[in-house]
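Below you'll find the structure, written out as structure tokens, and then a few comments.
All of the numbers you see were taken from the coordinates with simple rules; none came from a lab. Keep in mind it's a predicted model, so treat the numbers as computed, not measured. Cβ placement follows ideal geometry from the backbone for every residue including glycine, while neighbour counts extend to all protein chains displayed.
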Amino acid sequence: MIEFRNVTKTFEDTDTHAINGISMKIQDGELVFIVGVSGAGKSTLLKLITREQLPTSGDILIDGTYINHMSRRKVPFLRRKLGMVYQDFRLITKMTVFENIAFALRVTGKKETEIQEKVPYVLDLVGLTDKKDCHPNQLSGGEQQRVSLARALANNPKILIADEPTANIDNALSLEMMTLLKTINESGTTVLIVTHDKTLVEAIGGRVIELDKGVIISDSKPEETSDDETLQDSSIYDKLVEQAQSETDNMTTDTVSNYEEIVEQAKKELQ
Amino acid sequence: MNRIKYFFHEGWKGIWYNKGMSLASVGVIMCCLLLTGVAVLFSINLTALVERAGDSNVVMVFLDYDLSEKQTKTVGTQLAKIKNIAETNFYSKEEGIKEFSEALKDLQSEFNGEDNPLPDAYKIKLHDLSQYDSTIKQIEKINGVQKISNRGGIAHTITEISRMVTNMGLWVIFILGLISVFIVSNAIGSTIYARRFEISIMKSVGATNSFVCIPFIVEGMLLGIMAGIISTFFLKFLYEGLLSVFQMQYISNVEVVSYSVVTGYVLLAMILAGTLLGILGAVVSLGKYLRREGNEVLGW
């Protein structure tokens, strides 16, 4: 569980309150979207969770541990519980897809035998087994984002954090990525997604925390969200699928079939 | 074992990926090691030279004319008790006149036996020439001592040269060492900068600071070792070349330290010094990166 207790983050150099007295709880296994305009405090919130930054006041707890009081030595072990997906993918271009994922395992001290088993497994999860020997620059944006996701999943994170995962990919692939994240969440992983794409949020469904000027202005939990606002609303979903399908004209055959499979799977799951 | 292999692999990879910068680093460390090596070897030679000069610096303690044999021995015992005196040898007036007359043959018959005008004396050698004055004061207090040959000037000169050589050598090593660390830290800093993206990923997935650092430290170490090995061979030519110039022009009769005798020590010292410089350089440049988090690592 992630808990914020009256957390404030002030940047003294610019005298900005990026986060202003936020209190919230995110339970294990939740799918949470953090939305808001630029400068609302979304990125700062993520940085506080990953301990890239410390709050000016208040406490942040992950699984009952005060991470703001955690020694620097213990921070890497906290981060092993978290998987990060970035909007710019952050893949090492000199390495192949396989090596990129293996790298994340190797630097956390995993044995080579474990790496050889784990990498094909996560590549299979994101549907990129046949791309394992490609370099990132040989992949589409969506594929690169899936590699980034596979890398985040490699260390079996308890919490998956995606920072604008669809910002640099087109609509069809955005839906594909969100569907993947939802599937991961359904397997029990807590998933936090920072996005400003409200249409996707409405389509996928889940808890939505909206920030503005460092304050939570709305927190709609799934049970509070009406059915017609979620993916179960066929009108929004169909609109997205239609939009996505129109984009498939420009895709390669492989991507189209892969994409269609995901859409079909999503349809089945929702019926 | 796998980790050690990984660290060395990554360290070597860092060198290979940044071949140009690595080559420059090795070159700079080599220059510093060579200059330090030359300075050290010359310092060793000068120190040996000074020591040899110091060995011949014997102080004569002349005794009163009317001392009995027992009193003469007492003076010898008291001299031997002074801490800074390394050797005390009795030098009789007969030995004195013999040596004197060999130089001045005309006086040979005139000053023998009862007519010998020289007093008995002790030839002493000092441990530490820098304490010459205080030692002489202690000797002067001994009853039966008439006069002490005043060679304080020579003692001071030798001490000063020795001190200057040691100080200069240390300063040269210190300054060149600092320059080496600065340049290596910049070189490793460039490698870190080139690999900042990997570092940010490593930190985000939970790599410990030591895991992030060690490949760069290994890289610095490998650069230092390479520079040390190459420098040892270059130093041979540089040292022997410089020595032949010096011997031809200034010190043709002086015995110097042969490079072949010290090659093993030089190699070991060069590797150790190179390794130390490489590691220090890496540590200096790593410090600031380890304190950074997330996008700060990338400089965003």
Under a plain spin-label model, where a point goes 7 Å from the Cα along Cα-to-Cβ, how far apart in nm are A:S23 and B:V38? 7.3 nm
B:M168 versus A:T113, label points 7 Å from Cα toward the beta carbon: distance in nm? 6.4 nm
Spin-label point model (7 Å from Cα, Cβ direction): what's the B:K81 to B:K5 distance in nm? 7.2 nm
Among A:47-56, B:88-97, how do they line up from the highest to the lowest mean number of other beta-carbon atoms within 10 Å? A:47-56, B:88-97
How many angstrom separate the Cα center of segment B:216-235 from the Cα center of segment A:28-46? 50 Å
What FRET efficiency comes out for the pair A:E12/A:K198, r = Cβ-Cβ distance, R0 = 41 Å, nearest 0.05? 0.80
Ranked packing of A:80-86, B:118-124, most packed first, by mean Cβ within 10 Å: A:80-86, B:118-124
What net charge is computed for the residues neighbouring A:T113, neighbours being all others with C-beta under 15 Å from the C-beta of A:T113, Lys and Arg scored +1, Asp and Glu -1? +3
What's the local net charge at B:E160, with K and R +1, D and E -1, over the other residues with C-beta under 14 Å away? -1
Lysines whose Cα lies under 26 Å from that of B:K98, excluding same-chain neighbours fewer than 8 positions away: B:K70, B:K73, B:K123, B:K125, B:K147
Given a Förster distance of 25 Å, the FRET efficiency implied by the Cβ-Cβ spacing of A:S220 and A:D88, rounded to the nearest 0.05, works out to 0.30
Roughly speaking, what is the centre-to-centre gap between segment A:198-220 and segment A:88-134 when only Cα atoms are used, to the nearest Å? 32 Å
